[in-house]
1. Subtracting the Cα-Cα distance from 0.36 nm times the residue separation, let me have the gained length for His103 to Ala203 in nm, one decimal.
2. Measure nothing but the geometry: give the 0 to 90° angle between the long axis through the Cα atoms of 208-219 and the longest principal axis through the Cα atoms of the chain, rounded to 10°.
3. Output wanted: per-residue J couplings in Hz (rounded whole) for region 127-136, from phi through Karplus 6.51 cos²θ - 1.76 cosθ + 1.60, θ = phi - 60°, x for Gly and Pro.
4. From the phi of every residue in region 170-182, what ³J(HN,Hα) in whole Hz does the Karplus formula 6.51 cos²θ - 1.76 cosθ + 1.60 yield, where θ is phi - 60° and glycine or proline is x?
5. Set Lys and Arg Cβ to +1 and Asp and Glu Cβ to -1, take the dipole of the chain about its Cα centre, and tell me which of Ala47, Trp82, Val11 lies farthest positive.
6. If you roll a 1.4 Å probe over the heavy atoms of the protein chains, what accessible area per residue do you get for region 105-221, in Å²?
7. Please say if region 57-99 is rounded, prolate or oblate, where rounded means a/c under 1.5 for a ≥ b ≥ c the square roots of the C-alpha gyration tensor eigenvalues, and otherwise the choice is prolate for a/b larger than b/c and oblate otherwise?
8. Angle check, please: helix 17-28 long axis (alpha carbons) against the longest principal axis of the chain (alpha carbons), in degrees 0 to 90, nearest 10.
Amino acid sequence: MTVEPERIALVTGASRGLGYAVAARLGAAGWHVVAMARTVGGLEDLADCIEASGGPTPTLVPLSITDEGGLQRMCLALHQRWGHVDLVVHCAADAPPLSPAPHVADKDFDRAVDVNLRGTRLMVTMLQPLLSAAEGGRFVHITDDRSGHPFFGAYGATKEAGSTFVRSWADETRQIGPEVTLFHPRPMPTALRARFYPGENRAELTGCDTEAARLIADLGL
């Protein structure tokens with residue numbers, strides 16, 4: 001009997017929001033999920049959710065995307081255990097406080113750059129060999145277009161910069177792989193969005209699980 005190879009998916013920002021929903025759906029479908037986030041409690045809840053659905057016990061990685069040494073150790077461990085990664089869904093993001101552009105605090109801007117731009121670059125650099133080692137490796141970057149919106153200077157600039165970096169990579173790898181795509185979710189009732197729109201009626205937003213299902217369907221998984 002032929003045993004199907006284990007499908008490995010790394011999801012960042014997996015402790016809540018869209019990352020949690022994507023990881024939960026992939027795990028329920030039989031993928032081995034490597035769930036990365038800073039919040040240990042959210043990762044443990046995700047593990048319980050995946051196991052309750054009959055999926056394989058995920059690998060939990062409590063790690064910040066800004067921790068370059070930690071990312072190196074994680075990628076080395078992935079290489080030593082599986083030799084490849086089939087899918088990366090990059091959901092992690094930082095949401096600095098809304099502010100007029102001249103008044104963005106240095107610490108808020110630097111944090112947004114570290115997560116939304118430098119962190120994305122680190123993910124691309126370190127995961128490219130693991131994705132290329134897979135048959136049909138894929139990288140999905142979650143976008144959020146706030147570029148040029150008033151009071152969104154720090155968030156809009158750094159998210160757009162990260163997305164621009166990924167778009168360049170997507171064009172570079174179009175013929176040789178891995179397959180790189182960008183996914184723009186509809187407005188969802190996430191903690192990140194609540195920081196920007198605290199008085200919004202969250203019942204009118206699209207659920208994270210609905211958008212996770214749309215993302216997975218778009219990938220044909």
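The values are calculated or read from the model by the stated rules, or taken from the named source; none is laboratory data. The structure presented is a predicted model; accordingly, all values stated were derived computationally and were not measured. Here the Cβ is made from the backbone with ideal geometry for all residues, glycine too, and neighbour counts use every protein chain on show. These area figures cover heavy atoms from the full protein model, side chains too; ligands, DNA and RNA do not enter into them. Shrake-Rupley method; radii C 1.70, N 1.55, O 1.52, S 1.80 Å.
1. 32.7 nm
2. 60 degrees
3. The phi angles translate into 8, 3, x, 5, 5, 5, 6, 8, 7, x Hz.
4. Residue by residue, region 170-182 yields 4, 5, 5, 9, 4, 8, 10, x, x, 6, 10, 9, 10 Hz.
5. Farthest towards the positive end: Val11.
6. 52 Å²
7. In terms of gyration-tensor shape, prolate.
8. On a 0 to 90 degree scale, this one is about 10.
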